[in-house]
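Novice: This structure is in structure tokens; I'll ask about it shortly.
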Amino acid sequence: MNVGGSFLTHWYYHLPDYALAVLMYTLLGRAILGLIFQPESENYIWRAFCRLTDPVVAVVAIVTPKAAAPVVIWLFGVVWLFWLRAGLLYLFVLTHAGPRAS
């Protein structure tokens, strides 16, 4: 199987999946870094993780109870992004438009 050819052939699946994966793992990293850094920390790595994941956190916060701690919202975001990735794969497999194992 030609891996590069598969990526180029199914770019319309791989690009959104990659973007969701980046957000998911960055949000998981934010949850782990949240154990080390204070929310108002000036550390540039912490600020980068926060800037990258703030849009996802804002969307997840809409459907999460207001009493939930920030780390709970971050972890719910990881779960939501995981299921979005699984749903994307299911949609592409169902429509025979995505990559197939050979």
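Novice: Please determine, by comparing only the residues of segment 1-35 that are at pLDDT 95 or above and among the β-branched types (Val, Ile, Thr), which one is surrounded by the most Cβ atoms within 10 Å (Cβ to Cβ).
Specialist: That would be 26.
Novice: While we're looking at this one, here's another question. Being at pLDDT below 95 and part of a helix (DSSP H, G or I): is that true of residue 78 here?
Specialist: No.
Novice: Under 6 Å by Cβ, and 6 or more places apart or on different chains, what pairs join a residue from segment 91-102 that is farther than 13 Å from residue 16 by Cβ with one that is surrounded by fewer than 10 Cβ atoms within 10 Å (Cβ to Cβ) and not basic (Lys, Arg)?
Specialist: 102/1
Novice: What pairs can you find where one residue is in segment 72-89 and touching a residue at least 12 places away in the same chain (Cβ under 8 Å), the other is among the basic types (Lys, Arg) and crowded, with 18+ Cβ neighbours inside 10 Å, and their Cβ atoms are less than 8 Å apart, with a gap of 6+ or different chains?
Specialist: 74/30
Novice: For segment 9-44, which residues satisfy the criterion of being within 11 Å of the chain's Cα centre (by Cα), under 22 Å from residue 97 (Cα atoms) and either without any contact (Cβ under 8 Å) to a residue 24 or more places away in the chain or outside any helix (DSSP H, G or I) (or both)?
Specialist: Matches in segment 9-44: 18, 19.
Novice: When segment 64-102 is examined, which residues are found to be among the polar types (S, T, N, Q) and surrounded by 14 or more Cβ atoms within 10 Å (Cβ to Cβ)?
Specialist: Across segment 64-102, the qualifying residue is only 64.
The values are calculated or read from the model by the stated rules, or taken from the named source; none is laboratory data. What you see is a predicted model; the values in this text were computed from it and never measured. Note that we place each Cβ from the backbone using ideal geometry, even for glycine, and neighbour counts take in every protein chain shown.
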